[in-house]
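Here the structure is laid out as structure tokens; the discussion comes afterwards.
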Amino acid sequence: METEKRTMVLVCHNVDCKSRGAEEIVQRLKEAFAGHDQVEVRTYMCFGTCHEGPNIVIYPQRHWYSGVQLSDVPELIQAIKNGTRVERICDKTDPNARGLIYNLLDAGVY
Ligand code: FES
């Protein structure tokens with residue numbers, strides 16, 4: 001079985017995150033990684049930390065960004081390309097909530 005090696009950029013697309021600008025953020029990310037075979041930008045149904053959105057998860061790296069603003073996107077793109085993190089907005093959410101989502105992602109539920 002082939003192992004998934006691509007980085008997935010999962011952007012919540014549910015109501016709360018959308019109301020805080022997730023749609024434009026996902027659009028910018030998709031443009032930045034168009035044709036990039038190692039990074040795939042996808043929308044995600046909901047991470048369950050809606051009040052902290054827009055939420056974005058980088059997987060399998062397990063970088064969880066919350067409260068992402070459009071102004072953060074260039075730095076986020078660079079970090080994804082470099083394999084680094086934007087510390088000031090990374091992993092600020094409840095570790096238990098993150099763990100639940102990572103379990104789903106590990107099980108292949110995207
Ligand atoms: S609406 Fe985005 S995490 Fe639920």
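Which members of segment 10-45 meet the condition of being open to solvent by less than 50 Å² (accessible area, probe 1.4 Å) and within 10 Å of the ligand (Cβ to nearest atom)?
Within segment 10-45, Val11, Cys12, Cys17, Ala22, Tyr44 qualify.
Please state which one of Ile80, Ile58 is under 20 Å from Leu104 (Cα atoms), buried (at least 17 other Cβ atoms within 10 Å of the Cβ), touching a strand residue (DSSP E or B) at 6+ places or on another chain (Cβ under 9 Å) and at pLDDT 95 or above. Steps first, please.
Details: Ile80 fails: under 20 Å from Leu104 (Cα atoms).
Within the list Ile80, Ile58, the selection yields Ile58.
Can you name the number of the only condition in (1) touching a strand residue (DSSP E or B) at 6+ places or on another chain (Cβ under 9 Å); (2) part of a loop (DSSP other than H, G, I, E, B); (3) away from the ligand (no atom under 12 Å from the Cβ) that Gly108 fails?
Among (1) touching a strand residue (DSSP E or B) at 6+ places or on another chain (Cβ under 9 Å); (2) part of a loop (DSSP other than H, G, I, E, B); (3) away from the ligand (no atom under 12 Å from the Cβ), Gly108 violates only (1).
Can you tell me which of (1) open to solvent by less than 30 Å² (accessible area, probe 1.4 Å); (2) more than 11 Å from the ligand (Cβ to nearest atom); (3) β-branched (Val, Ile, Thr) is the one Val68 doesn't meet?
Answer for Val68: the failing condition is (2).
Could you please tell me which pairs satisfy a Cβ distance under 7 Å, a separation of 6+ or placement on different chains, a first residue in segment 69-82 that is small (Gly, Ala, Ser), and a second residue that is open to solvent by less than 90 Å² (accessible area, probe 1.4 Å)?
Short answer, once both residue conditions are applied: Ala79/Arg85; Ala79/Val86.
Give Arg88, Arg98 a once-over and let me know the one that is modelled with pLDDT of 95 or more and open to solvent by less than 60 Å² (accessible area, probe 1.4 Å). Break it down into steps so the answer makes sense when it comes.
Details: Arg88 fails: open to solvent by less than 60 Å² (accessible area, probe 1.4 Å).
Step by step, each of Arg88, Arg98 is checked, and only Arg98 is modelled with pLDDT of 95 or more and open to solvent by less than 60 Å² (accessible area, probe 1.4 Å).
Would you check if Gly48 is free of Cβ contacts under 8 Å to residues at least 12 places away in the same chain, over 19 Å from Arg28 (Cβ atoms) and open to solvent by 20 Å² or more (accessible area, probe 1.4 Å)?
Working: free of Cβ contacts under 8 Å to residues at least 12 places away in the same chain: no; over 19 Å from Arg28 (Cβ atoms): yes; open to solvent by 20 Å² or more (accessible area, probe 1.4 Å): yes.
It is false that Gly48 is free of Cβ contacts under 8 Å to residues at least 12 places away in the same chain, over 19 Å from Arg28 (Cβ atoms) and open to solvent by 20 Å² or more (accessible area, probe 1.4 Å).
The values are calculated or read from the model by the stated rules, or taken from the named source; none is laboratory data. Computed from a predicted model, the values in this text were never measured in an experiment. Don't worry about glycine lacking a Cβ; one is built from the backbone with ideal geometry, like all the others, and counts go over all protein chains shown. Surface accessibility is based on the protein's heavy atoms, side chains included, excluding ligands, DNA and RNA. Shrake-Rupley method; radii C 1.70, N 1.55, O 1.52, S 1.80 Å.
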